[in-house]
Structures are given as structure tokens and as C-alpha cells.
Amino acid sequence: MTDRGEDAPASPRRLPPDLADSLVILAICAGGYLLTLEFDPVPEFMRQGLSPERFPQIVIGVIGAFALMLAFAGRAGQAEKRPRLRLRIATTLLLVGTYVATAESLGMFTLMPLYCALFPVLWGERHWPLIAAYAGLLPVLLFALFVVLLGTPLPLGLLEGLGG
Amino acid sequence: MDAALTGIAFVLSAEMLLLIFLATIAGVLVGALPGLGSIMMIVLLLPYIIVMEPTAGIVLTAVIYCAATFGGSITSILINTPGTPAAAATTFEGYPMAQRGEAGRALGMAAFSSSVGGIFSVLVLIVAAPLLARVAYHFGPPEYFALALFGLSMLASLGNTSTLKNYIGGAFGILLSTVGVDFATGVERFTFGSPALAEGIHFIPLMIGLFAGSELLMQAAASDAVPRLVSKVAVRLPSLADLRKVRGTIARSSLLGTFVGILPAEGGTVAALMAYNEAKRWSKTPEAFGKGAIEGIAAPESANNAATGGAMVPTLALGIPGSATTAVILGAMIMLGVRPGPALFQQQPDFLYAIFGGMLLANLVFLFVGLYGAKLFAHISLVPKQFLWGTVFLLAFIGTYAINNSLFDVWMMVAFSVVGFVMRRRGYSAAPVVMGLILGELVEISLTQSMLMFQQDVSGFFTRPIALLFFALALLGVAYPYIKSALQRRR
């Protein structure tokens, strides 16, 4: 099967380049199919048309078929330019994950100055006055705009009571 | 007539004029920021749009769509970095012009041709969408099922990724649309016992994660090179002679862009590249292309903006997105309780005229913004990404949380950010997933209803000529990339 990314340079590997993708997708399909078998049964009087598990099963079957075609296709399209995976991705995820995890108990604005200070540092910024200004001003600006002006319900945690 | 007057009066109210003006400026600014764009801005604004008055909310999204498409040209010309994918072709001639000190001329031409292309396509939208809707008014479940399949078949041509991977993404989106309580039987599907999943997967965490979150992670992986503006930004705008020179190019490109935009899933990027190639083919001086030919700016810019109006035709008339951005706009409409399709033209024509009016005004506003403010706006592209993307995440957090006051939604957004990042690195685009999620419900409901109509006999579809026509078009849509690649090989 030809595809639109076929002009990409040929891979020196013997295995089809998207074989790993294909296997992962097929595994997900198998898991998804098993889950459809666990759906609650439909009462007899409601049984007409497609049963609730049938449509997802059809879609899973279609995805599985495409995944098989992908395994045997040539280079099926190019990924976006792939810079090497950097530690920065993991640290960024760790930072945003920690921030989200603490938002409910401590409030999203309590730790926002720390987040705003750490984010640019993790991304290589070293202009400290700029970082300090960003970490100091952005939380105030967002709080004034979303909480005070727009009344957006946000997790305020320790700052509960300041939102008016 | 009354509906048209009501719609136009709504758009011309002081509040709406201010909203359109501000949205146009914001759209141009966001379009000028590489990595952001109309999808990202609409997605980040969705939580606020869905609590707005529906007409104002949708006019806002349409205005941002038009303005951001133009905004992408600013950075294409000044820093050789397209703000949006649709502006990629503008770099070919825009940046060489800017380098030789003609940035003002290039920016002015981009603004003028974008505005003309955009206005032309809105006029086509005003005429074509109601006609298409009139035909679609007679559609039943089998026709809608076939139409939805046709829309999905056009995923083959969406973006620059692989056809097969687009189909896998689209089918994955459809599968995600089945999460939650089954509409017919009340049976829970893929909820893992979580009440938060019983209502299904919300558009907003998914879209913010797949687009904004994944881009954040892509940016984390990218290099730290800081773009620089070209040193000489000449202030001279295009002359009348320039405008005379490109009038044929703009006319052809506007037509081409509108037509390409109408095709579901084709968008401004394809339109702009096709128009650029056509401009070169029709030019008396094709050798000037690549060195700063002004027709090479007029063509992609008029085409990509014409594609915005074109893409709104199937979106409004049939409820089938014409592009990735209109898929997001369609999501916003559904969340606002507006179901696009033929009934909309019968029941809420004033709503549609307000959208048409808003888009027309946006095209006029960014003409002036582009002519006089583009060089100023270009400086926004110099905002260091260390500060930009940290802020984008906070806005994504606030927007996602605000829908249901739920941190579960925020975790969903973070999870879809990782999913989107992995998908993009493996060559899968996020747009098909969103299209699948939006069309999934229509596919399942119309299939279920059709099967009931036909008493579980699939051959019933063969008794419906319009459904058969859409099935044939769907097959053509699936085959199109292969036919195109075969034709290219033969050349």
C-alpha cells in the first residue's frame, strides 16, 4: 500500500518502520475489545437495533484493520520533525503534574509564583530579574482577571476568601 | 429578509463591534505567534465562549479563525517562520522581499489579498450554504450516516500526515465518542466506574490537551533559537501598480481557495500551496519566484483566507467540518446547544447572518490592522518561549478547570497532552481525532436509526440514492490520495 509519505528516506532497518506502532495499536484494540465484553447486559425489552457493545466493536475492528495495513505499509507518513527527547520534557511534565496535584489542596494561586519561577528556569532562562518579574506579576494578573473580574470558579485553597 | 436585518443589526451593535475589533486584533496577534494559531486560541477560549450568548460566541470563533489565518503571514514575512501552517507558502516570497527591505510592501500585499480572499469566500458562503442546506433538509438517518462517512473519508487529505494514520486517528476519535452512557440503552461504556466519565469525554480537555498541551511538550523538545526580526522593515506599502499586477492572481486564488475550503477536511494549507503553484504557472516571470515575487504572496494569502469562508460552508450547512479549525468551531457550537445543519437555516437564520456579518467585518478590520499595525504586532513573535509556554499552560489549566470545576478534567487535559505529543512524534495528527470525536456520535446515532428503519437489513442503504451518492464520494475521498500520488508519479 502506498502512502503520502513514501518519499521519505528509506529506513535501513529490515522491519517495517511502523511495525511497533501497529503492534501497540493492536494491543490497545485487543484490550478495548475485551472491555466491550464487560458491558452490562441490556434488558430484553430494550433490545432493538445495535447493542451498546456492537458499535465500539465495529470501530475497534476498523482500527485493528488499519493497524494491520500500517504494519505492512512502507513508510506511512512522516512524523513531525523529531528533535531528540530531552530531559526538559520529563521535567516539564513533572512540574505541571506536581502543580496540578497540589492545586486542589493548596490552591492554584498559592504555588503559582513558584511554578512561574521554575518554568522558565527549566527551559533555560537565566535572566533573574525577568524571571522575578514574571513570577511576581503573572499570578497577580491572572488572579485579578479570572477571579476578581470574571468570577471564574478556581481552586483557591489557602487563598479562599480572597476571591470575593 | 427580517432575519438578515436582525443578524446584521446584532453584529453592528456597539458591544459586538467592540468584540469583533478586539477578537480580530487578538486573532492577528495569536496567528503571528508560531506554534499558536486559531485552533489554539479558540480552544483556550472555549470555556468562556460556551457561557456567552451563543451567537456572540460563534461570531467570536469565526472572527478569530479569519484574523489568525491572516496573522500567520506576518511572521512568515518578517522572520521566515509561518505563524500558522496555512502561511507556510507565504515565506517563499515574503521573506526574500523583507530581506531586501520591502517588508512593508509584502505585509501590505498580504493584508490586501487576505482581505479580498476572505470577503469573496464569505459572499460564496452566504449564497452556497443555504442552497446546500436546502438539499440537506430532506436528509434522513441513512443520508446522515453516509454524509458522516463521507466527512470521515476526507480525513485522508487532512494535514501533511499519512492517510492511514489519519484514518486511525479518526477512528480513535470515534471510539472516544462512545465513552459514557449509551444514548439508547443507558449502558455505561468504558467508564471504569467513574462518574466523571459517565457523561463522556468532554471536547475541551481533549482539544486543549491534544493541541495546546502537546505543542507545549513539542516546544520543550525544540531548540532554543530565538527568532530575529529582519533589520530593515521598510514602511512603503504596495502601490496601485502592484495591486493591478496581482488582480488576476487574487481572483484565481480566491476561487481556488474557496473551492478547496468547501471540501471537507481540506484547508487553508492545501489551498495556499495550490494557489502558489498556480500563480507561478500563470506568471509571465516565473523565474522571479523564490526571489521575492509579489504574486507569490498574493496567491497563498488570498487562497488561505478564502478557504476560511469555504470551510464554513459544509460546517454550517451539513455539520461536517471543512477544516481542523472548523472542527473546533463545530465543537463549540454543539456545546452552545446549536446543532449546525439544514434545520439551522430554517430555525435560526438570524444566527447565520450574524456569523456572515462578523466574518465580513473581521476581513475589513484586519485589512486596516494589517496595513498599519503588522510591523508592530510582529514584535509579539519575539516573546521568549520560556515565558510564553508557561503562561499557555496556566491558561489551559484555568480554561479546563472552569468548565465543571473539576480537577479530573485538568488531569484529562494533561493526559491528552501526553497522548497528543506521542501521536505527533509518531506521525499522527490531532485533528482527525477531534473530527472523529465530533462525528462519532452522528455516525452511531444515524447508523442505529438507519438499521431500525431497514429492520437490520444493510441492503436498505442501496434504496437511498443520496446515501449512495455520499458512499461513492466517500470511496472517492479514500482513493483520492492514491490517485493523486499515482498521477504525480506519472508526471
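Annotations for the structure displayed:
- The protein assembly as shown, dipole about Cα centre (Lys/Arg Cβ +1, Asp/Glu Cβ -1), debye to the nearest 20: 2740
- Taking a ≥ b ≥ c as the square roots of the eigenvalues of the Cα gyration tensor, the protein assembly as shown is classed as rounded, since a/c falls below 1.5.
- Taking Cα atoms only, the orientation of helix B:14-32 departs from the longest principal axis of chain B by about 70 degrees.
- Using just its DSSP H runs of length 4 or more, each adding -39500 (n - 2.57), chain B gives a mean residue ellipticity at 222 nm of -24000 deg cm²/dmol after division by all residues.
- Isotropic mean projected area of the C-alpha convex hull, chain B (nm²): 23.3
- Our coupling estimate for the stretch B:441-458, obtained by passing each phi through the Karplus curve with A = 6.51, B = -1.76, C = 1.60 and θ = phi - 60°, is 5, 4, 4, 5, 5, 5, 5, 4, 5, 5, 5, 5, 4, 8, 6, 6, 9, 4 Hz, Gly and Pro reported as x.
- Helix B:407-425 and the long axis of chain B differ in direction by around 60°, with both axes built from C-alpha atoms.
- Net length gained if the chain between A:Glu104 and A:Leu149 were fully extended (0.36 nm per residue, minus Cα distance): 14.0 nm
- Amide hydrogen neighbours beyond the local backbone of B:Glu188, cut-off 5 Å, H modeled: A:Asp40, B:Asp182
- Taking Cα centre as origin and charging only the Cβ of basic (Lys, Arg, +1) and acidic (Asp, Glu, -1) residues, the dipole magnitude of the stretch B:260-350 rounds to 120 debye.
- Counting Cβ atoms of other protein chains within 10 Å of each Cβ in A:40-52 and taking the mean gives 5.
- R0 of 25 Å, Cβ-Cβ distance B:Glu199-B:Asp457: FRET efficiency to nearest 0.05: 0.15
- Over 22 Å apart at the Cα level, from the set B:Lys245/B:Lys284; B:Lys245/B:Lys280; B:Lys280/B:Lys484; B:Lys291/B:Lys385; B:Lys245/B:Lys291, are B:Lys291/B:Lys385.
- Other-chain or far-sequence residues with amide H under 5 Å of B:Ser162's (modelled H): A:Gln78
- Karplus 3J(HN,Hα) series, Hz, for the stretch B:128-141 with 6.51 cos²θ - 1.76 cosθ + 1.60 (x for Gly, Pro): 6, 4, x, 5, 5, 5, 4, 5, 6, 5, 8, 6, x, x
- Applied to the stretch B:291-305, the Karplus parametrisation 6.51 cos²θ - 1.76 cosθ + 1.60 on θ = phi - 60° returns per-residue 3J(HN,Hα) values of 10, x, 7, 5, 5, x, 9, 4, 5, x, 6, 5, 5, 5, 6 Hz, with x for Gly and Pro.
Quick note: the coordinates plus some simple rules give every number you see, no bench work behind them. Keep in mind that this is a model prediction, so the values were computed, not measured. Reconstructed Cβ throughout: ideal geometry from the backbone, glycine too, with neighbour counts over all protein chains shown.
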